[in-house]
Amino acid sequence: GNTIQRFLGDSGIRVLHRDGSGRINATVTGNTVTLPEPGGFNGVIVSSGASSGPPIDASTICLDLSGNTMAGSGSGGGSASDFRLRQRFNTTFQLRGYAGAIGDTAAVVAFVQGINPGGETGSATVETTPPTGSGFINTPGGAACPLP
């Protein structure tokens with residue numbers, strides 16, 4: 001893994017999907033995100049969706065966010081946290097092993113906290129009640145995300 005420290009103005013690790021209906025397979029494992037500068041924000045942010053259309057964004061992110069040490073990496077007040085997952089519009093977040101409801105942000109946060117070792121603070125947001133098939137779901141059959 002990597003050690004990311006002294007980041008300023010945004011996040012230590014940032015994964016964004018803002019392009020219609022494509023797919024990102026992201027493996028973010030074994031990293032240490034620490035010591036944000038004043039003005040840093042989330043230690044890790046993963047965000048999907050930028051446009052309500054037409055056409056509305058309907059992309060997929062398959063995310064393995066596990067084994068990371070992120071505690072204390074969120075700063076800047078407000079909604080800053082050690083990790084943030086942001087699902088918007090008709091996008092889908094696939095999280096291997098996730099068993100909660102598609103719009104249950106508390107379950108998403110608890111799941112991510114459970115697969116990372118450091119007692120991280122977290123937030124997950126759902127823009128609107130997702131339609132069937134979008135939102136936060138398990139990977140098909142609980143399989144690992146394909147390697148990028």
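Number of residues in region 80-101 that are more than 15 Å from Asp64 (Cα to Cα) and either small (Gly, Ala, Ser) or more than 14 Å from the chain's Cα centre (by Cα) (or both) equals 6.
Matching residues to (1) over 15 Å from Ala124 (Cβ atoms); (2) in contact (Cβ under 8 Å) with a residue 12 or more places away in the chain; (3) of a type in the set (D, E, K, R):
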position	(1), (2), (3)
Gly12	yes, yes, no
Asn31	yes, yes, no
Pro38	yes, yes, no
Gly43	no, yes, no
Ile56	yes, yes, no
Leu95	no, yes, no
Asp104	no, yes, yes
Val109	no, yes, no
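For region 83-103, the candidate set comprises residues that are in a loop (DSSP other than H, G, I, E, B) and in contact with a helix residue (DSSP H, G or I) (Cβ under 9 Å, 6 or more places away or on another chain); within that set, the residue that is nearest to Cys145 (Cα to Cα) is Arg96. Would you confirm whether or not region 13-31 contains a residue that is in a loop (DSSP other than H, G, I, E, B) and under 23 Å from Gly118 (Cα atoms)? Yes, there is a match, as at least one residue in region 13-31 is in a loop (DSSP other than H, G, I, E, B) and under 23 Å from Gly118 (Cα atoms). Is at least one residue of region 61-78 in contact with a Leu (Cβ under 8 Å, 6 or more places away or on another chain) and under 19 Å from Ala106 (Cβ atoms)? Checking region 61-78: at least one residue is in contact with a Leu (Cβ under 8 Å, 6 or more places away or on another chain) and under 19 Å from Ala106 (Cβ atoms).
Scanning region 45-57 for residues that are assigned to a strand (DSSP E or B) and of a type in the set (Ser, Thr, Tyr), we see that the one that is surrounded by the fewest Cβ atoms within 10 Å (Cβ to Cβ) is Ser47. Would you be able to say whether some residue in region 58-79 is of a type in the set (Ser, Thr, Tyr), farther than 25 Å from Pro140 by Cβ, touching a residue at least 40 places away in the same chain (Cβ under 8 Å) and not in a loop (DSSP other than H, G, I, E, B)? Within region 58-79, one or more residues are of a type in the set (Ser, Thr, Tyr), farther than 25 Å from Pro140 by Cβ, touching a residue at least 40 places away in the same chain (Cβ under 8 Å) and not in a loop (DSSP other than H, G, I, E, B). Total residues in region 87-97 satisfying the condition of being of a type in the set (Ser, Thr, Tyr) and buried (at least 22 other Cβ atoms within 10 Å of the Cβ): the figure is 1. Taking the criterion of being more than 20 Å from Ser134 (Cα to Cα) and β-branched (Val, Ile, Thr), the only residue of region 12-26 that qualifies is Ile13. Could you count how many residues in region 58-86 are more than 15 Å from Ala26 (Cα to Cα) and either among the polar types (S, T, N, Q) or surrounded by fewer than 21 Cβ atoms within 10 Å (Cβ to Cβ) (or both)? Residues flagged as more than 15 Å from Ala26 (Cα to Cα) and either among the polar types (S, T, N, Q) or surrounded by fewer than 21 Cβ atoms within 10 Å (Cβ to Cβ) (or both) within region 58-86 amount to 12.
A short reminder: the numbers here are calculations on the coordinates, not readings from a lab. Given the structure is predicted, the values throughout are model-derived calculations rather than measurements. Note that each Cβ is placed from the backbone with ideal geometry, even for glycine, and that neighbours are counted across all protein chains shown.
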